[in-house]
1. I'd like to verify a number: residues in segment B:395-431 that are assigned to a helix (DSSP H, G or I) and either under 24 Å from B:His377 (Cβ atoms) or not basic (Lys, Arg) (or both), how many?
2. Taking the stated definitions as given, is A:Thr122 assigned to a loop (DSSP other than H, G, I, E, B), among the hydroxyl-bearing types (Ser, Thr, Tyr) and at pLDDT below 85?
3. Quick one: what pairs do we get from segment B:390-410, first residue in the same structural domain as B:Trp360 (by TED's automatic domain parsing), second among the acidic types (Asp, Glu), C-beta under 8 Å, 6+ apart or different chains?
4. Can you find even one residue in segment C:92-103 that is surrounded by 23 or more Cβ atoms within 10 Å (Cβ to Cβ) and more than 14 Å from chain B (Cβ to nearest Cβ)?
5. Collect the residues in segment B:63-93 that are in contact with a Leu (Cβ under 7 Å, 6 or more places away or on another chain), surrounded by 20 or more Cβ atoms within 10 Å (Cβ to Cβ) and of a type outside the set (Gly, Ala, Ser), keeping them in residue-number order.
6. Give me the pairs: first residue in segment B:265-276 and assigned to a helix (DSSP H, G or I), second residue basic (Lys, Arg) and crowded, with 24+ Cβ neighbours inside 10 Å, beta-carbon distance under 8 Å, and six or more apart or on different chains, which are they?
7. Can you find, within segment A:22-36, the residue that is surrounded by the fewest Cβ atoms within 10 Å (Cβ to Cβ) among those that are part of a helix (DSSP H, G or I) and within 13 Å of chain B (Cβ to nearest Cβ)?
8. Kindly check whether there is at least one residue in segment C:152-173 that is over 16 Å from the mean Cα position of the chain (by Cα), more than 9 Å from every other protein chain (Cβ to nearest Cβ) and within 16 Å of C:Asp91 (Cα to Cα).
Amino acid sequence: MNPLRRFNLRDQPLPTITTTTGPTIPGWTFPLVQTLTATTLLTTTAPTTWHTHPLFLTILATLTALVLLRPTPATAGLLLTATGALLWTTGTAPLDPRILWLAPLAHTLWRATWWAAHVPPTARTEITALLTGWRRTAAAIGTTELLALAAWAVTTLPGLEAAILLGALALAALAVLTLPREP
Amino acid sequence: MTTPTTDRPPAWTPTTTRHAATATGLVLLAAAVLTGRPDLALLAAPILLTTLWSATPPTRPTTAHLHQPAGETHAGQLTATLTLHPAPTAPLTHLRITAPGHRDTHTVIATPTTREIPLRLASVRTGPQDTFHIALRAYDTSGVWEQPPTDLHGARRLVLPATTPLGPVPLPHALRGLTGPHTSRRLGDGTELRDIHPFQPGDNPRRIDWRTTARRSPDLTTPYTRRTLATAEATAMLVLDSRDDVGPDIRTWRNHGTRRPDDPTSLDLARHAAASIARQLIESGDRVAMEDLGRRRRPVPPASGRRHLRRLTHALALAHPLDDRATSHTIRPPQIPSGAIVYLFTTLLDDDTTRLVRAWRTLAHPVVVIDTLPTLHPIHQPHLRLAWRITRLERDQRITDLHHTGTPVIHWATHTHEPPPRTHLQALARRTHHHPSPTPRTTRTPR
Amino acid sequence: MTDPNTPAPARPLPPAEVAALAARVLDEVRTAVVGMNETLPIALATVLAGGHVLFEDVPGLGKTLAARSLAGALGLDFARLQCTPDLLPSDITGSSVFDPATRTFEFRPGPVFTGLLLADEINRTAPKTQSALLEAMAERQVSVEGTSHPLPSPFHVLATSNPVEYEGTYPLPEAQLDRFMVRLAIGYPDPGQETTIVRNRLARRAEAAPVTRVTDPATVLAMQAGIATVEVDPDIVRYCVDLVTATRTHHALEVGASPRGSANLVLVARALAVIEGRDHVLPEDVKHVAVPVLAHRLTLTPDAWAQATRPENVVTSLLNTVPTPTTVRTGP
């Protein structure tokens, strides 16, 4: 007989500890959201002709599996960079209007990866916990959308290069600000 | 009750989220500048913005304390309240709550302000029980800062057995004392009339029956009094066989594996049975003593009263098998007060208890054996099934022997379709009541 | 016939004289009793403070001998009552006897009508009989068949009880225990003392150890009155009250000591101070008698009881935590 089976006493699952919390969602929701957002980001930014290409499908599966199995900020960043690369190859220059919904989707993937990294699939997460800081997220996404709209407006006007440079400088300043500083 | 608090929680530490966000932002930004495509930079903008927002860590750590209710705990009431005092900008708390025999519980909850989380275990076990162990982690809003896990340990708690109201229970044949709830056959202070007798020193003058005196001694030289039967009390000795504790799953016997906390074990049943019988006896005014076979310590002396019942309940809850040695060494028959009835709570899995019963029966103590073996779960392993078959045959033989010596055996764990143990106890009480002084029937000597 | 309950008011003896007499009584008792250097002065102090003593320890330590010798040296009327399970209340209090000649009932007083009653193995008798002693101890009178009979004065009960033997014992109820001013444990003698006990027994060639009478009932009353003249510093009274109040909030105790406990604590401490030749009470006197006076008045919680906590240890821990007064005058 299988020795593992002999000592497997858990014919029925063990009882749970009752905790009284608000409405919750299970932890496996986050990998699901990750899968959906990752495939959406990669397939929509890739050319439609690639969708059946075995190489693309392999890359798609690898990246999605990577972000699922190792849900770290680094893998999420890698996936976003890959999305950016695809967007560069397929998007309409100088600014693809799909960025208006791709940017919020990228943020969703980023947060879902964070949650998946911290919450095991069997855990429960309070819905109010998910919604904490929604104002901050809304403000960030709103700012991005405004920037995108402004950039879109600017790209249709003459003097494009100067505007791009200006925007790039502003974003560089933002990136420098986010750099960790020693206290 | 103890209220453990997270002592000096560690400071907030940055996570890799921040570095990853900056790196991704810079890469996409560089790509945007090199390719002249602002949309690439915009892809990383929300991430950079939210990360920037959480540049500084929360000012103070999140703390918690576990409050366990004071007072007595009964089976199924293992509860506690976790109070969280979160840091101002850290509204996420991740709790990992573990308890012996329970599945680990992971919960992420929102803690915008101080919050209380009620916790409850599904355990129906009694006796000393380990309770909650909570690991706590806190995150800030965007997950950039986290507080390393801190631990909270709930105190070990003593769970008292519950009691079930019973009807009449068997009493000893010989009642003792001069006061108590039962009428004895001795002369004394009571209410039941015994006879009319000439007045003796010590008789109460108010008990003089003047009508009889006038008839029998018209010149009033000898007053006659009504004498009554004394009242008496019964003494019962509860003997708890706590040398072993077996659950309904035969694979967990002899301390293998983990026992499910929602299955009462033999000792839980014994505690429940003993507490119920003690309550019935004490509520009717009798005296109850207790002896623990698993331990060498002074027995609980016979007494009555509500406080004594509480002491008995505590002593029952504290009875537990000490080590493996306790089951192997032979036990000495505990001393029983003369004229007391013995209630023995045992699983009847070894010969020691039947030997004890025989010794008590020789001393003319009535004995009631309460079989506390739980109803076993189905056994799937052939070798265990064979082992249990042999053990069961031996046990059945012991029970038959006990029946032959006139010792009733009452199974405490009964199926729903069987009559409950109180019915058996009532029938037994009725039988001993009708036959006040039966001698032990030893028609067939065992083996 | 004079009413024994209201004797002529005794002339109080000065404390120094009380101390001298007490020393002689103790010396006389020590001719018969070996050891018990701690317990005998407290027992005598309790009698002189007007209280009742309970000796509780294992058999064979000389509890009965100590009680008997104390009664003999004090010169009080002595009656011994062997408590058995079938002892009836009327066996203690006395009962009516019918006189056919006069056709009247005549009250025959029981053993309780004495100066010093030794109730041996008091926990072997039924609660009903124990409670008959209760009235005698608290009210110094007995009610038999509706009539109250006052007891002589002085009246003291020295009871012994046996903590080990549990067959056929009835633990004294809390109300009854509270009536005893002190509960004394005797403890085993050290090997030297035990050798002396054996040698004395061999030299005596008899079981009984006679003691000479030192005082008489009137002198005992005068000694009691003399002790009552000693003033107690208010700080000492507050210390006693603080100690007793602390028992009511202790986590291991379900019921703390009663106000009778704090009153008795002061009374025994004062009597002990006088016996030791002082006319003022020190905090050390209170500490010395706190365990015998308070331990038997405490009821442990079932939890503490099951974990074998002892009330004596609780009192000792309180003595270490309750602040001791420092402003008490230390000399005349």
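1. 18
2. Taking the combined requirement at face value, the residue does not satisfy it.
3. B:Arg398/B:Asp351; B:Ile399/B:Asp371; B:Val409/B:Asp371; B:Ile410/B:Asp371
4. Within segment C:92-103 (the criterion being surrounded by 23 or more Cβ atoms within 10 Å (Cβ to Cβ) and more than 14 Å from chain B (Cβ to nearest Cβ)), the answer is no, since none of the residues qualifies.
5. Scanning segment B:63-93 gives B:Leu66, B:Thr73, B:Leu78, B:Leu82, B:Thr93.
6. B:Asp268/B:Arg125
7. A:Thr29
8. no
The values are calculated or read from the model by the stated rules, or taken from the named source; none is laboratory data. These numbers come from a predicted model, not from an experiment. Neighbour counts are summed over all protein chains in view; Cβ atoms, including those assigned to glycine, are modelled from backbone coordinates with ideal geometry.
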